[in-house]
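Encoded as structure tokens, here's the structure I'll be asking about.
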Amino acid sequence: MTTAAKKYLVTGGAGYVGSVVAAHLLERGHRVTVLDDLSTGFAEGVPEGAEFIEGRIQDAAKWLDESYDGVLHFAAFSQVGESVAKPEKYWENNVGGTMALLAAMREAGVRRLVFSSTAATYGEPESVPITESAPTAPTSPYGASKLAVDHMIGGECAAHGLAAVSLRYFNVAGAHGSLGERHAPESHLIPLVLQVALGEREAISVYGEDYPTADGTCVRDYIHVADLAEAHLLALDAMTADEVPAGEHLVCNLGNGNGFSVREVVETVRAVTGHPIPEITAARRPGDPAALVASADTARERLGWTPSRPDLADVVADAWAFAQERAGVRP
Ligand SMILES: NC(=O)c1ccc[n+]([C@@H]2O[C@H](COP(=O)([O-])OP(=O)(O)OC[C@H]3O[C@@H](n4cnc5c(N)ncnc54)[C@H](O)[C@@H]3O)[C@@H](O)[C@H]2O)c1
């Protein structure tokens, strides 16, 4: 579906996922304003052609007005371990910040929202693949803060006629040209293994080899960031076409539906980079579920979304090209 050019506010558009989605919006001819306080993002991550406001979502009312057709809301803190140590930081930013953003949207009459939710809202799954009707029992303040926002958005839709799509990402990976993953500290597996290939880290720790999975290591669902970006554009199209009408809050899981084990990821990085990638076997980490794999049937049925890069080697190859460019060692 093609839609006329629109104007969108992208919160967190200097971060990993937000910058890639902002770039896709611009490539489709939309106007984009990025609102980001650079707390974990980078000014150079804001794609060329986007207007950039350095500021907090807590102050969104200063900038949001009726000229916007919708908001894509990525801004959040997302480190699980940090959220256990400093839960108040997560409630203030993720929940308090979103409350202020929703109030600013209501005030300005901006009535369409796409929200970055997460598989962490489900916690330890009873069965996989995980559907949106699975019980939500987050095991960290981070997951709980995202679930609280999902509830808040549901109420806003029902009471005030917002149209919203919460996209529950599983493990986002890969890069879009010069836009890629650079969290500090890094906690995601693929960039960590690539740090070993770059010589920035001696070995990769494998936490637990006795899980009830085919090779004993944890299984996760890796979704290419460009496929994820496509889902955001489809969500906007669905709201513009009233397929997700005012008053509806649609929740969709986004994943490949294919799980890959930690060992398969390490093997794939060895194949892509040619580096031996030494491993250190470590104890299980508390709260790490054996397998997290998405059922993305709702996204397929309601948004017409199909991941076009399901091959782990493609995801790793794009992340590797980005990591080499960042490290200045691109061949
Ligand atoms: N990366 C993943 O695998 C993954 C998985 C599930 C969900 N998510 C969600 O997707 C979103 C984006 O994740 P990411 O990996 O790109 O993270 P990121 O840290 O790279 O990006 C988040 C951005 O939000 C900005 N930000 C944070 N608080 C802000 C505030 N109060 N006001 C303005 N800007 C603020 C940061 O500076 C950063 O640029 C997050 O909401 C995260 O919870 C990510």
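For A159 and A241, what is the calculated FRET efficiency with R₀ set at 22 Å and r taken between the beta-carbons, to the nearest 0.05? Don't jump to the answer; show the numbers that get you there.
On the way: r = 23 Å, r/R0 = 1.06.
FRET efficiency, A159 to A241: 0.40.
Describe numerically, in nm with one decimal, the distance between label points set 7 Å from Cα along Cα→Cβ at E107 and at S178.
Once both label points are built, they end up 3.6 nm from each other.
If one takes the longest principal axis of the Cα atoms in the chain, at what angle in degrees, from 0 to 90 and to the nearest 10, does the Cα axis of helix 141-160 lie?
The angle comes out at about 20 degrees.
Quick check on the range 70-150: take the gyration tensor over C-alpha atoms, sort the square-rooted eigenvalues as a ≥ b ≥ c, and tell me if it's rounded (a/c under 1.5), prolate or oblate.
Values: a/c = 2.83, a/b = 1.40, b/c = 2.02.
Taking the square roots of the gyration eigenvalues as a ≥ b ≥ c, the range 70-150 is oblate.
Now for a separate question. Label points 7 Å out from Cα along the Cβ direction at R31 and A137: separation in nm?
Roughly 4.9 nm, to one decimal.
Could I ask something else about it? For the chain, take the longest principal axis of its alpha carbons; what is the angle in degrees between that and the long axis of helix 225-240, to the nearest 10 within 0 to 90?
Result, in degrees: 20.
Now for a different question. Could you work out the percent of alpha carbon pairs in the chain separated by over 28 Å, rounded to a whole number?
Working: 20650 of 54615 pairs.
Value for the chain (Cα pairs over 28 Å): 38 percent.
What's the magnitude of the charge dipole for the chain around its Cα centre, counting Lys and Arg as +1 and Asp and Glu as -1 at the beta-carbon? Answer in Debye, nearest 20. Could you put the intermediate results ahead of the total?
On the way: 25 positive and 44 negative charges, 55 e Å.
Roughly 260 debye, rounded to the nearest 20.
Here's something else I'd like to know. Compute the distance in nm between two label points, each set 7 Å from the Cα along the Cα-to-Cβ direction, one at D288 and one at K86.
Here the answer is 2.4 nm between the modelled labels.
In whole Hz and in residue order, list the ³J(HN,Hα) couplings for the range 10-16 that follow from phi through the Karplus curve 6.51 cos²θ - 1.76 cosθ + 1.60, θ = phi - 60°; x for Gly and Pro.
Each residue's phi maps through the Karplus curve to give 10, 7, x, x, 9, x, 4 Hz.
Given the chain, what count of lysine pairs have C-alpha atoms under 29 Å apart, with each pair 8 or more places apart or on different chains?
9
By how many nm would the segment from E202 to S308 lengthen if fully extended, with 0.36 nm per residue of separation less the alpha-carbon distance? Working shown, then result.
Details: separation 106, 0.36 × 106 = 38.16 nm, distance 3.34 nm.
Here the answer is 34.8 nm.
Right, here's the next one. At a Förster radius of 22 Å, what calculated FRET efficiency corresponds to the Cβ-Cβ distance of A327 and H188, to the nearest 0.05? Before the final figure, lay out each step's value.
On the way: r = 17 Å, r/R0 = 0.76.
That pair, A327 with H188, gives E of 0.85.
Additional query: As an exercise, find the ratio Rg/Rh for the range 12-117 from alpha-carbon atoms, using the Kirkwood inverse-distance average for Rh.
0.96
Here's a follow-up. Which percent of Cα pairs goes in each bin when the distances of the range 217-331 are cut into 10 angstrom slices starting at zero?
Bin by bin from 0 Å, the calculated values are 12, 33, 30, 18, 6, 0.
Do any trypsin sites (Lys or Arg not before Pro) in the range 245-299 lie in a DSSP loop with no more than 15 other beta carbon atoms within 10 Å, and if so, which? Provide the component values of the computation, followed by the final result.
Numbers: sites: R263, R270, R284; in loops: R284.
Passing both the DSSP loop test and the Cβ count: R284.
Under the rule of at least 5 residues apart or a separate chain, name every residue whose amide H is placed under 5 Å from the amide H of I204.
Those lying under 5 Å, H to H, from I204 are E279, I280.
Just subtract the alpha-carbon distance of S67 and R270 from 0.36 nm times their residue separation and send over the number in nm, one decimal. Walk me through the numbers on the way to the answer.
Working: separation 203, 0.36 × 203 = 73.08 nm, distance 4.89 nm.
Going from the current span to full extension adds 68.2 nm.
Here's a follow-up. Given R₀ = 30 Å, what would the calculated FRET efficiency be for Q195 paired with E51, taking r from the Cβ atoms and rounding to 0.05? Don't jump to the answer; show the numbers that get you there.
Values: r = 33 Å, r/R0 = 1.11.
Efficiency for this residue pair is about 0.35.
Any idea how far the Cα center of the range 28-46 sits from the one of the range 182-241, in Å?
22
Packing-wise, with mean Cβ within 10 Å as the measure, how do 67-73, 312-318, 20-26 rank, highest first? Could you put the intermediate results ahead of the total?
Values: 67-73: 22.6, 312-318: 20.7, 20-26: 25.4.
Top to bottom by mean Cβ count within 10 Å: 20-26, 67-73, 312-318.
Coordinate-derived values only; no laboratory data. Not measured: the values here are computed from a predicted model. A quick note on method: Cβ atoms are made from the backbone with ideal geometry, for glycine too, and the neighbour counts reach across all protein chains shown.
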